[in-house]
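Remarks on the structure that follows.
Every read-out reported here was derived from the displayed coordinates using simple, explicitly stated rules and does not represent laboratory data. Predicted model, so just to flag it, every value in this text is computed and none were measured. We place every Cβ from the backbone using ideal geometry, glycine too, and count neighbours over all the protein chains shown.
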Amino acid sequence: MSDKADVAVSYDIDNEFFRLWLDKRMSYTCAVFDDTDDLDEAQQAKLGVMYDFARVTSASRVLDIGCGWGANLEYLVHDRNVAEVHGITLSEAQHAEIVRRGLPRVTASCVDYADYRPGVRFDAIISICMIEHLCSAEDFREGRAAAKYADYFRRAWEWAEPGTHFGLQTILRDRVPRAREDIREIRWVSRKIFPGGLAPRPEDIMSAAAPYWEVKQMRTRRTDYQRTCAEWQARLRRNEALVRQRWGNQLFTDYDRYLTGCVNGFARRHMSLAQWSLQRIDDAA
Ligand SMILES: C[S@@+](CC[C@H](N)C(=O)[O-])C[C@H]1O[C@@H](n2cnc3c(N)ncnc32)[C@H](O)[C@@H]1O
């Protein structure tokens, strides 16, 4: 599991660094290129899928678990006029960015989801690629994965009103990498860029969610994530001189290597991406 120090390695480098190569709202997850070639529009389309999967309406009270720099919070109140939106992140830098945006009807907390005690219940939940931080490779080897994923779905269930829908997006482990070079790069990314993290397998999600949440829909978007990473890398490379000058050569080298690994990982099917629409099982527990 990624603790607060691990999350700081992944997200607290400098908000201005990420602003250079992410889309304008700073989504740091797979975009949806169904109807566009433009990254800003594709990220908006992804947030639209999550909005639909969580059955959000303008009257909703929404929780975003692992809300990043606030892209989805901003989308919900600006583009969808949602009544009440709350986000949680474990990153101090991300929380500072959300506060800086001064979004109406939005509150955000910098807190570990396991310590989160909302005073209200939510009628829509969205969580976009946060679950990858819940279980490390070591947790998986030591048999702790199932309990960690179950804890996440149980807490989300407790925070939700009866009937709530949950829009969930997750990277998935897919084919087992065999080439030594691929294994080396995957290990390097999880040590250097996302310490404490590991993408789940679809069956991990299915079995952990099952007591609390019914899977209503699931679709994969492997090539969308390949494309998103390629777009991020192109933007990073366009800013190479600035990144090297402002943050040093090593940061550019590391992020270029990591994004190369992601593009290859999705292209070679070692990783995929899934979007899920879940509905609360009201007579659970
Ligand atoms: C890959 S980012 C995705 C951010 C955002 N959902 C997006 O689409 O850009 C993962 C997010 O999960 C958050 N996170 C990781 N572990 C967490 C934890 N234990 N409790 C709360 N948030 C956590 C990180 O702080 C980060 O905001």
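Among the lysines, which fall within straight-line cross-link reach of residue 24, defined as a Cα-Cα distance under 21 Å, with same-chain neighbours fewer than 8 residues apart omitted? Output for residue 24: 46. For the range 201-232 and the range 77-105, write down the distance between their C-alpha centroids in whole Å. A separation of 24 Å, based on Cα centres. So which aspartates and glutamates pass the test for residue 216, namely a Cα distance under 14 Å, with those fewer than 8 places away in the same chain ruled out? The qualifying aspartates and glutamates are 52.
Taking the Cα centre of the chain as origin and assigning +1 to Lys and Arg Cβ atoms and -1 to Asp and Glu Cβ atoms, the resulting dipole is close to 620 debye. Projecting the Cα atoms of 207, 89, 243 onto the charge dipole of the chain, computed from C-beta unit charges around the Cα centre, puts 243 farthest toward the positive end. Spin-label model, residue 146/residue 20: points 7 Å from Cα along the beta carbon direction are separated by 4.6 nm.
Hey, what number do you get for the chain at 222 nm if only DSSP H runs of n ≥ 4 count, each worth -39500 (n - 2.57), divided across all residues, to the nearest 500? Please report the intermediate quantities before stating the final value.
Values: 12 runs with 129 residues, N = 285.
Roughly -13500 deg cm²/dmol at 222 nm, from the helical runs in the chain.
The amide H of residue 61, built 1.01 Å from its N in the peptide plane, has 123, 124 as neighbours under 5 Å, considering only residues 5 or more places off or on other chains.
Placing +1 on the Cβ of every Lys and Arg and -1 on the Cβ of every Asp and Glu, with no other charges, gives the range 182-257 a dipole of roughly 300 debye about its Cα centre.
DSSP beta bridges in the chain, what fraction antiparallel, as a percent rounded to 5? Walk me through the numbers before you get to the answer.
Details: 16 of 35 bridges.
Here the antiparallel bridges make up roughly 45 percent for the chain.
Short-range pairs are left out: with C-alpha atoms under 8 Å and at least six residues apart, the relative contact order of the chain is 23 percent. In straight-distance terms, cross-link reach from residue 4 covers every one of the aspartates and glutamates whose alpha-carbon lies under 15 Å from its own, apart from those fewer than eight places away in the same chain; here that gives 12, 92, 112, 115, 132.
What is the packing order of peptides 2-10, 127-135, 173-181, taking the mean over residues of other C-beta atoms within 10 Å and listing the highest first?
By packing density, highest mean first, the sequence is 127-135, 2-10, 173-181.
Which whole-number percent gives the relative contact order of the range 159-285, counting Cα pairs below 8 Å spaced six or more residues apart?
Relative contact order of the range 159-285: 51 percent.
Placing +1 on the Cβ of every Lys and Arg and -1 on the Cβ of every Asp and Glu, with nothing else charged, gives the range 78-168 a dipole about its Cα centre of roughly 180 debye. Just name one of 125, 179, 76: the one whose Cα is farthest towards the positive end of the charge dipole of the range 56-184 (beta-carbon charges, Lys/Arg +1, Asp/Glu -1). Of 125, 179, 76, it is 179.
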